[in-house]
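Structure provided below as C-alpha cells; questions to follow.
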Amino acid sequence: EAGVAQSPRYKIIEKRQSVAFWCNPISGHATLYWYQQILGQGPKLLIQFQNNGVVDDSQLPKDRFSAERLKGVDSTLKIQPAKLEDSAVYLCASSLDVGTQYFGPGTRLLVL
Amino acid sequence: RKEVEQDPGPFNVPEGATVAFNCTYSNSASQSFFWYRQDCRKEPKLLMSVYSSGNEDGRFTAQLNRASQYISLLIRDSKLSDSATYLCVVSQAGGNTPLVFGKGTRLSVIA
C-alpha cells in the first residue's frame, strides 16, 4: 500500500518569499493533517481536514499560512510571506475516520 | 505548563540494558495515548498505543496512570536499532482527532 506522499522534500527560500507544499494522502483516508516540526520539538498541528472541510485550524497562523483540500484528496499548504522562524519540517499525515495517523516523509523548509 | 512533557535526554545506554521513559500530560480530558518513534530525519511512526491496563509488544511495555496523568515506556534488552527519538503523544478522543506531541526523548544505544 502506498504511503503518504509529499513534495518537495527540501526547499530553501529567502524571507518574504512564498512557498507551497503538496500532500497526497493514503487512498481512502478521509482525514488529512498538516503538522509543523521545528528542530528539537515535537510536531505541532497546523490544520486538520475531514474530506474537503476544515475541522481545526486554530493553530494555523492565518496571516501568512493557508491550506486547501479542494477535492477531498490532495492538499496544499502555502506560506506567504515566509519568515525565518518558519524554518521547520512540514509533515502531512492521514487517517481513516477512526484510526492510526500515518505520516509522510515531510518537506524540510529553510528560510534564509 | 506544556500539554505533554518529556525528559529530552539523551539517554545513552549499552546494548542489552533496560531503559524507561516517562511522560506527563496536563489535559485530563485526554482519552488516547501513544508512543511514536522518530528516526533521525524521518517521519514519526506509531510504536504502540497505550491502554489503561498496560500493554506489551515484545521488548516494549507501555503503561498509563490516569490518576497521575502519567505515561511510561519500558524497553528491555536494548538493541542498537532502538536508537531514535521517542515521542509521547496524547489526543482527546479517537484516532481522527489531533495528536499533541511531546518534544521527544532521544535514546542512543551503544555497542
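The values are calculated or read from the model by the stated rules, or taken from the named source; none is laboratory data. Predicted model only: the values in this text are computed from it and were never measured. When we count neighbours, we look across all protein chains shown, and the Cβ atoms used for this are built from the backbone with ideal geometry, even at glycine. Ligands, DNA and RNA are stripped out before the accessible areas are found, and what is left, the full protein with its side chains, is counted by its heavy atoms. Shrake-Rupley method; radii C 1.70, N 1.55, O 1.52, S 1.80 Å.
Residues of segment B:82-111 being among the small types (G, A, S) and either under 17 Å from B:D7 (Cβ atoms) or without any contact (Cβ under 8 Å) to a residue 24 or more places away in the chain (or both), which ones?
Answer for segment B:82-111, where residues must be among the small types (G, A, S) and either under 17 Å from B:D7 (Cβ atoms) or without any contact (Cβ under 8 Å) to a residue 24 or more places away in the chain (or both): B:S83, B:A84, B:G102, B:G104, B:S108.
Further question: Take the residues of segment B:97-111 that are farther than 20 Å from A:S94 by Cα and under 10 Å from the mean Cα position of the chain (by Cα): which is farthest from the other protein chains (Cβ to nearest Cβ)?
Residue satisfying both the conditions and the ranking: B:T105.
Is it the case that A:A82 is at pLDDT 95 or above, open to solvent by less than 20 Å² (accessible area, probe 1.4 Å) and within 19 Å of B:Y36 (Cβ to Cβ)?
It is false that A:A82 is at pLDDT 95 or above, open to solvent by less than 20 Å² (accessible area, probe 1.4 Å) and within 19 Å of B:Y36 (Cβ to Cβ).
Tell me the residue from A:F21, A:F49 that is part of a strand (DSSP E or B), within 13 Å of chain B (Cβ to nearest Cβ) and not aliphatic (A, V, I, L, M), please.
A:F49
Being in a loop (DSSP other than H, G, I, E, B) and within 14 Å of the chain's Cα centre (by Cα) is the filter here; which residues of segment B:53-75 pass it?
Matches in segment B:53-75: B:G54, B:R59, B:Q69.
Give segment B:1-38 a look and list any residue that's within 12 Å of chain A (Cβ to nearest Cβ), small (G, A, S) and not in a strand (DSSP E or B), or say none.
B:G9
Given the criteria closer than 24 Å to A:G40 by Cα, of a type outside the set (D, E, K, R), open to solvent by less than 10 Å² (accessible area, probe 1.4 Å) and within 12 Å of another protein chain (Cβ to nearest Cβ), does B:L73 qualify?
No, not satisfied.
Would it be correct to say that B:R41 is open to solvent by 20 Å² or more (accessible area, probe 1.4 Å), in contact (Cβ under 8 Å) with a residue 40 or more places away in the chain, of a type in the set (K, R) and within 14 Å of another protein chain (Cβ to nearest Cβ)?
It is false that B:R41 is open to solvent by 20 Å² or more (accessible area, probe 1.4 Å), in contact (Cβ under 8 Å) with a residue 40 or more places away in the chain, of a type in the set (K, R) and within 14 Å of another protein chain (Cβ to nearest Cβ).
Scan segment B:76-91 residue by residue and report those that are loosely packed, with under 13 Cβ neighbours inside 10 Å and within 14 Å of chain A (Cβ to nearest Cβ).
none
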